[in-house]
Amino acid sequence: MSGGLAEPHEALQAAAAVLAGRCEVFEVFVRRSHSLRLAHHRRGELCREESYELGVACRVGKGQLIGFGRASGEAKEAGQTAARLALQSLTDGHPTLPVASLLGAVPCPPPPALSEEEISQLFHRLRQANDARDVALTWLRARTLLARSEGFEAFWENQLVLWEWSQEMFGEEVMFRRVASQPAQLDPPSCLSLVCAQQPLPPLALEPGLRRVLLAPDVAAPLLLGIALRTPKKTHPAGAWDLWDVRRGAHALLPMGCDGEGLPACNLPVLTVDRAETQPWRWLAHRHGTVRVPWDSPPTPGPVHLWQKPFPGPATPPGSFSGLAALAPLTEVVWEQQRFRLLAAAVELSRGGVVAAGVVTLVGSLSRLVSGLLTTLGPAEHVALGCPVSTPWLVVANLEVR
Amino acid sequence: MEGLTALSALLARGKRAVRELFFWQELRLQFRWQGRQVTGFTARQRAACSLREGGLLVARDGCTRTQVAHLLGVKPHSVPPWSWEGELALPDPHTVAAQLPPITLQVGVTGSRVAVVRPDGVFACTRPVVVDCENQAGETFTWVWGQAVPPLEPAKAGNAAPPTGRLRALLHPQPAAVLCHELFGHPLEADAFFSGHSPWVGKLGTRVVTAPLTVVDDPTAALPGGFHHDDEGERARRKVLVAAGTVKGLLADRTYGATFGAEPGNARRLSPHYAPYPRLSNVIAWVEEGMADPPLAEARLEIVRVRSGLLLPGERALLLSVSESYLLARGSRRACLSSYFLRLPLDGSGLRIVAGGCSPVPAAEPGWCGKGHQLLPAGAAAGWLLLDRVEVA
C-alpha cells in the first residue's frame, strides 16, 4: 500500500467495521486533500494558508431504505462517525446504489507532483504578471478512494492550480479565476488585451434589443454550466456546439477512475450535433455521470469538467469582429427556470478595435442560446466555477442586450 | 474544556507569536420536505482546528491532541488533553418539518460550536441552530430554530414589462434589508472600506441618506448571523453603522482594529480552513420616527422580493435583482411585473431614500452571504423604504 492510501484505507476500515452486519450493502467514499494557498492582500500582507482535510461519506442500503452519513476529522474517527450517521439516517427518497456488476474503474495515472518551491515561484511570477491588488494561487492535491461492500475498490489522484485575482474593468471590480492541472496551462484571460490599452473610452450607447454578441470565456463559462445543469427544452442546437464533460484523457483537468458511485469514468457529450440525435444530453436519463463536489455531496448527475471544443483556426479574439463583446460578468447569472440574466462589462468593437465601453445586461433563454451559437474564436481558456469550464470565445446570435 | 486553559498557558509560555488556535465542530442534517413527508434524510459532522501566526494559517481536519500537536510542531503528549463537552444535538427532522408549509423544500439544520484559544485566554461558545430552506424556485431562506418560520413560497413573477424612466419605488422589508446589507454592511467592512472601493470612503461622519435612516450590525440579535464571541475570540457587540442618515462606524477584525483604531469583534470564517475577515452578522435598519404604514400612493413601483443585490462603484449605483414586483397606480396594484435588475443611483448626496418604516421586520431571504466564497448565514431586519429616482436596468 502506498503512503497516499494509508489514511483513506484506515477510514475505510473504520467505517466497514461499524457497518459490517448492520446493512445489506454499503459504499465508502474517502477524500484526503492537501492544499496550499498563497495570497497577496490589498492590506499589503502576504498570506500562506495550508490545509489538510479528510472526509468520509458512507451510503448504506437496508431493504428499501438508504442512509447517507458524512464526517470529517482524523481517519479512524471520521470513518466511524460517517458510518454511524449513515445508519441513523436510513430513509426512503434516496437513489439506490448501483448493482455491483456495473462497477468498474479506468486507469488514472497520478499527475506529476508540484513542489512547494515550484508553487512559490509560480505565485511570484503571477503576482508580477499583472497589476492586480488581490491575487491568490491555490494548489490542491486530492486522493480519492471509493469502495463497496462487495469488494470493489477504486483509487485516483488529482491536482489543480487555481489562480484568482481582482482587476478593475471600466470602474468595476472583476474577479477572474483560472484553473489548470499544471502551471504551464495558466494564461491570463485574453479579454484583458481589449481593456488595458484602451481606457478611457466613450460610454456604450445601445438600443435595447436582440444582437449578435461575442462572449469572452468568463461570460460564456457560466452559461455553458447552465446548459449542462438545466438541460434546455425543445432545442434545435446550432452546429457549432461540441460541448463535453471531460473525465478522462488528455483534455481532462480532473481525470478520475470512476464516477461518483463507482461506474467506470468516460467522457460524456453534453451538447454535440455530430451524433445521430441532435438533442442535448440528458443527464438524468443515464446512469453514468454522477459526481461528488464537494466530497460530502451525495453522488449527483452533473459535470466534472466542461469543455467546449474550439473551432480549428488561427483566429485570435476578437479578430475582425464588429459588434458588442461581453468581456467579464459583474454578477452571477440569475436563473429563472430556463431564462437567464447577467450584468457584464462590455465593449463595442469595430473590425476588432474598441470604440466604446460600459456595462450591459444580457438576457436570454437557454433554447435561444443553444440555437444561436454561430462559431467560436481562439483557443479554450480554463475558467474556474463550480467545476472547471474550458471554453473559447463564443459568437452568439439573437442575445437580448439591455 | 479545562485542557484548553492549559493550552492557552502553553501558548503564552511559547516563543511563537501564535494569534490563536481555532477549534470547530459542526453537525448538519438535511432532508427533502415534500409537503407531507420527510425523505432523503442525511447527516454530516465536521470537525477541524487551525493555527494562525502572522500571515500563516495551518488547518487540519479533526480536533484531537494529535492534530493540535501537528499544528504546534510538538509531540502529542506535550499537548494538554481536551474534548468537547457532550455531543452536538439538533432537533429531529420531523419536528422541524412539522412547522413547514405544505410545499416542496430542501431543508438543512445546522448547529456548531467553536473554541478560540489565545495566549491571553479561552473563548468557547455554541452558535445558534440555524434552519435553512431552498424552495423549488431556488430561493433560499434562513432563520434561527425556535423563531417564527418565515414565508417560504416562491416569488410571484408576472409577465408585464417593467416601466422605463426614473421613478419612485417602495421597497418591502426584504428588499430593504438586502439594500442595507449591500449598501452599508459590506462597504463598511474594514477590508472593503480601506480598499478604496467603498462609496463611503471619506464620508465617515457625513450624512449620506436624506431620511434619518439608522443601520446597525448586531451579532447579539436572535438572527442567523448571531454569535457571542467572534472567530478571533472577541466579544460580540452591536455596532452603529449609520445613525440618522450619517455614516458612523466600521466592522473590523483584530488586524484592522489595531491598524485603524476600530473596535474588533466582527471576524468570521466558514471553517478553520479559512482565515477570518471582517464580516457583517445581522444588519438591522429602520428610519427614526418613520411612518408605520408604507405610502403606496407615492410610489409607482412596489418591490416585494429581490434575490440579491450588488454595488457597482464604477457605475455609482446599487443593483437589485427583483423577483416579485408590481406596477402601482394611486396606491393600487395594476400589474405583476416580470423579473429585472433595478438600478439605484448613488449621487453626490448618497442614495435617495426619502422615507421609511420605523419597525424593522426580520427578512429570511436570501439568508446567506457569500463574500470571498465563504457562504455564511447572515441575518437581516428592516422597515419598508421609499426610494426616489430608481430605474429598471
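The values are calculated or read from the model by the stated rules, or taken from the named source; none is laboratory data. Values in this document were obtained by computation on a predicted structure and should not be read as measured data. We place every Cβ from the backbone using ideal geometry, glycine too, and count neighbours over all the protein chains shown. Only protein heavy atoms, including side chains, enter the accessible area calculation; ligands, DNA and RNA are left aside. Shrake-Rupley method; radii C 1.70, N 1.55, O 1.52, S 1.80 Å.
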With the charge dipole of chain A built from beta-carbon charges (+1 for Lys and Arg, -1 for Asp and Glu) about the Cα centre, the Cα from A:Gly239, A:Leu377, A:Val334 projecting farthest to the positive end belongs to A:Gly239
Calculate, for B:Val201 and B:Arg36, the FRET efficiency according to 1/(1 + (r/R0)^6) with r their C-beta to C-beta distance and R0 45 Å; round to the nearest 0.05.
0.25
So if R0 is 35 Å, what FRET efficiency would B:Glu289 and B:Gln147 give, r being the distance between their Cβ atoms, rounded to the nearest 0.05?
0.80
Per its Cα gyration tensor (rounded if a/c is under 1.5, else prolate when a/b beats b/c, else oblate), the stretch A:127-278 is best filed as oblate
Given unit charges at Cβ for Lys, Arg (+) and Asp, Glu (-), the dipole magnitude of the protein assembly as shown about its Cα centre in debye, nearest 20, is 560
Can you give the accessible area buried between chains B and A, summed over both chains, with a 1.4 Å probe, in Å² to the nearest 100?
4000
Classified through the alpha carbon gyration tensor (a ≥ b ≥ c as square roots of its eigenvalues; rounded if a/c is under 1.5, else prolate when a/b is larger than b/c, else oblate), chain B comes out oblate
Rounded to 0.05, the calculated FRET efficiency for the beta carbons of B:Thr164 and B:Thr210 at R₀ = 25 Å is 0.55
For the protein assembly as shown, what proportion of DSSP beta bridges, expressed in % and rounded to the nearest 5, is antiparallel?
90
The extension gain from B:Ala297 to B:Glu2, computed as 0.36 nm times the residue separation minus the Cα-Cα distance, is 100.0 nm
Long-range HN-HN contacts of A:Glu150 with modeled amide H, under 5 Å:
A:Phe26
For the stretch B:275-393, share of DSSP beta bridges that run antiparallel, in % to the nearest 5:
85
Can you grab the distance from the C-alpha centre of the stretch A:232-256 to the C-alpha centre of the stretch B:1-37, Å, no decimals?
42
Long-range amide H partners of B:Ala124, meaning residues 5 or more apart or on another chain whose placed amide H is closer than 5 Å, are B:Val116
Measure nothing fancy, just the Cα-based angle from helix A:116-129's long axis to the longest principal axis of chain A, in degrees from 0 to 90, nearest 10.
20
Spelling out what I want: for every residue of the stretch A:349-363, take phi, set θ = phi - 60°, compute 6.51 cos²θ - 1.76 cosθ + 1.60 (Karplus), and round to whole Hz; glycine and proline get x.
10, 10, 6, x, x, 7, 10, 7, 9, x, 10, 10, 9, 9, 10
Selection from B:Leu319, B:Ser359, B:Trp286 lying farthest towards where the dipole of the stretch B:167-392 points positive, charges on Cβ
B:Leu319
Note: B:Ala9 to B:His77 extended length (0.36 nm per residue) minus current alpha-carbon separation gives 22.9 nm
Answer in debye to the nearest 20: the dipole magnitude of the stretch A:97-158 about its Cα centre, from +1 Lys/Arg and -1 Asp/Glu charges placed on Cβ, is 100
Highest GNM mean-square fluctuation, chain A, Cα pairs closer than 10 Å: which of A:Thr231, A:Thr316, A:Thr376?
A:Thr316
Straight-line reach only, C-alpha to C-alpha below 12 angstrom: list the aspartates and glutamates that B:Lys371 could link to, leaving out same-chain residues fewer than 8 apart.
B:Glu182, B:Glu189, B:Asp191
Work out from phi, with θ = phi - 60° and the Karplus expression 6.51 cos²θ - 1.76 cosθ + 1.60, the ³J(HN,Hα) of each residue of the stretch A:166-180, listed in order in whole Hz, and give x for Gly and Pro.
9, 8, 7, 9, 6, x, 9, 8, 10, 9, 9, 9, 10, 9, 7
Gyration tensor on Cα atoms of the protein assembly as shown, a ≥ b ≥ c root eigenvalues, a/c under 1.5 rounded, else prolate if a/b beats b/c, else oblate, says rounded
Points 7 angstrom from Cα along the Cβ direction at B:Arg334 and A:Gln182: gap in nanometres?
6.4
Given Cβ charges of +1 for Lys and Arg and -1 for Asp and Glu, the option among B:Pro101, B:His172, B:Thr206 whose Cα lies farthest towards the positive end of the dipole of chain B is B:Thr206
Test of the criteria: in the stretch B:10-105, which trypsin sites (Lys or Arg not before Pro) are in a DSSP loop and have at most 13 other Cβ atoms within 10 angstrom of their Cβ?
B:Lys15, B:Arg16, B:Arg36
Using a 7 Å offset from the Cα along the Cα-to-Cβ direction at both A:Lys62 and B:Glu85, what is the distance between the two label points in nm, to one decimal?
3.3
Solvent-accessible area per residue for the protein assembly as shown (1.4 angstrom probe, square angstrom):
39
Mind telling me which of A:Ala250, A:Ala356, A:Ala39 comes out most flexible in a GNM of chain A, alpha-carbon contacts under 10 Å?
A:Ala250
GNM on chain B, Cα springs under 10 Å; top mean-square fluctuation among B:Thr104, B:Thr259, B:Thr210 goes to B:Thr259
Simple label model, 7 Å out from Cα along Cβ direction - B:Gln136 to B:Ala17, nm:
5.8
Just the number, please: carbon plus sulfur as a percent of the accessible area of the protein assembly as shown, 1.4 Å probe, no ligands or DNA/RNA counted.
53
Residues meeting the amide H criterion for A:Ala315 (H placed from the backbone, H to H distance under 5 Å, 5 or more places apart or on another chain) are A:Gly378
Quick one: Karplus J couplings for the stretch A:296-308, per residue in order, coefficients 6.51, -1.76, 1.60, θ = phi - 60°, nearest Hz, x for Gly and Pro?
8, 6, x, x, 10, x, x, x, 9, 8, 8, 9, 8
Taking the Cα centre of the stretch B:91-162 as origin, sum charge times position over the Cβ atoms of Lys and Arg (+1) and Asp and Glu (-1), and report the length of that vector in debye to the nearest 20.
180
Please list, by residue number, every one of the trypsin sites (Lys or Arg not before Pro) in the stretch A:281-377 that is coil in DSSP and has at most 14 other beta-carbon atoms within 10 Å.
A:Arg282, A:Arg287, A:Arg351
